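This report refers to the structure that appears directly beneath it.
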Amino acid sequence: MSFDVLQDKIREKKNPTVAGLDPKPEYVPAFIRKASYEKYGETLEGAADALWEFNKGLIDALSPIVPAVKPQAAYYERLGWQGMAAMEKTIRYAQEKGLFVIADIKRGDIGSTASAYADGWLGKTKVGEQEISVFDADCVTLNGYMGSDSINPFLDVCKATGKCAFVLVKTSNPGSGELQDIVAGDRVVYKVMGDLTERLGRGTEGKYGYTCAGAVVGATYPSDMRELRRRLEKTFFLVPGYGAQGGTAEDVQYAFDKMGHGAIVNASRSIMCAWQKTGKDGEDYQEAAYNAAVAMRDDIKQYVTIV
C-alpha cells in the first residue's frame, strides 16, 4: 500500500516531514517573477509560470532532505487552468525526483462526483478505448464529513492502485471545535470521524500495519492527538499546524507510534518563504528552504526516533 511507500521514504531520510507547496505569486522571489512576466506579461499564465519555476527550484533543493511534498490545489486553482497545469507539472517533477506527492485537495462530494474526483486525482480517466492517468498523485486529502459516501469512492481507487488518502479528523484551525468537539452520543464528533476512517480502511493494512485511509490530525491539539494515536492504531496521520500555527516538535511527537512510524508533519510557508528572512532578495531561496527543512527535521528528531 501507498503508506508503506511513504513510510519507507521517511525511514530512508530519517525525516518525517512534508513540505507544503502552497505558493502565491508574492511568495516567489522577484527575479523569478520578473523572468516569467517578461515572457507572458502580468497574466495568469505569467503567474503560473513563476509558480512552476519556483516549485521546480524548491523540489531540486528539498528532494535530498524531505520524503514528500504537498501541493495545495487552491493556490493553483486561483490561477485558472494555467495554475492547474503548473500543479500537474509540479506533481510529475516531484515524482521524477523520488518524492511522495500528497495532493491537498480536501474534496468532500458523494457518489459519481466523488468517483470522478478520485479518477482525476488518483486513478485514470477513460477516453475512447484508452485509460489515461491525469494528476496521478500518490495520495489526496479528503473532507469526509458527508459520511462514507464521500470517502469510499476514493478508497476504491486506492485499493485498485495502491494509493492512499488522508481524511480530515481533528483539524488544526481554531474553529475546528465548533463542530469536531461536539458530543454525539457517548463520543465527540472527531472521534466518530476517526473511528469511521479506520473502519473504512479495514482490510488494507500494509507491512507497517497502516490502512490506505489516513487521518489529518492537527498539532495544535496535542492531547487530542495523543488520544487518537492510541485509538487509531492502524491509521497513518498527516499533521498540520507545526510552526506558524503554534504546534511544536514536542507536540507532534504524540502522532507517532513507539517505532517513530505512522505520521508525517507538514510545514509550508516556513520552508517556501524562508528566503524572506535572509536579506538576499530571494537569490538564495533554495538554500534557505533546504536549511529550514533541515532545522525542522532536527527539531522533531529531539522527540521522535525513527526505527
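The values are calculated or read from the model by the stated rules, or taken from the named source; none is laboratory data. Note that the coordinates shown come from a computational prediction; the quantities given were computed from them, not determined experimentally. Cβ coordinates were reconstructed from backbone atoms using ideal geometry, including for glycine residues, and neighbour counts include every protein chain displayed. Quick note on the areas: whole protein, heavy atoms, side chains included, nothing else; ligands and nucleic acids left out. Shrake-Rupley method; radii C 1.70, N 1.55, O 1.52, S 1.80 Å.
Which ones in the stretch 18-39 are open to solvent by less than 10 Å² (accessible area, probe 1.4 Å) and outside any helix (DSSP H, G or I)? Selection gives Val18, Ala19, Gly20, Leu21, Pro23, Val28, Pro29. Here Glu77 clears all of (1) crowded, with 23+ Cβ neighbours inside 10 Å; (2) without any contact (Cβ under 8 Å) to a residue 24 or more places away in the chain except the condition numbered (1).
Taking the criterion of being assigned to a loop (DSSP other than H, G, I, E, B) and open to solvent by less than 60 Å² (accessible area, probe 1.4 Å), the residues of the stretch 95-108 that qualify are Gly98, Leu99, Gly108.
Evaluate the following for Ala184: is it among the hydrophobic types (A, V, I, L, M, F, W, C) and surrounded by 22 or more Cβ atoms within 10 Å (Cβ to Cβ)?
Here the answer is no, as Ala184 does not meet what is asked.
Right, Gly128: over 20 Å from Val217 (Cβ atoms), touching a residue at least 40 places away in the same chain (Cβ under 8 Å) and over 16 Å from the mean Cα position of the chain (by Cα) or not? No; evaluated as a whole, the condition is false for this residue. For the stretch 40-57, the set of residues classified as out of contact with any Gly (no Cβ under 7 Å at 6 or more places or on another chain), of a type outside the set (Phe, Trp, Tyr), assigned to a helix (DSSP H, G or I) and over 11 Å from Met272 (Cβ atoms) consists of Glu45, Gly46, Ala47, Asp49, Ala50, Glu53, Lys56, listed by residue number.
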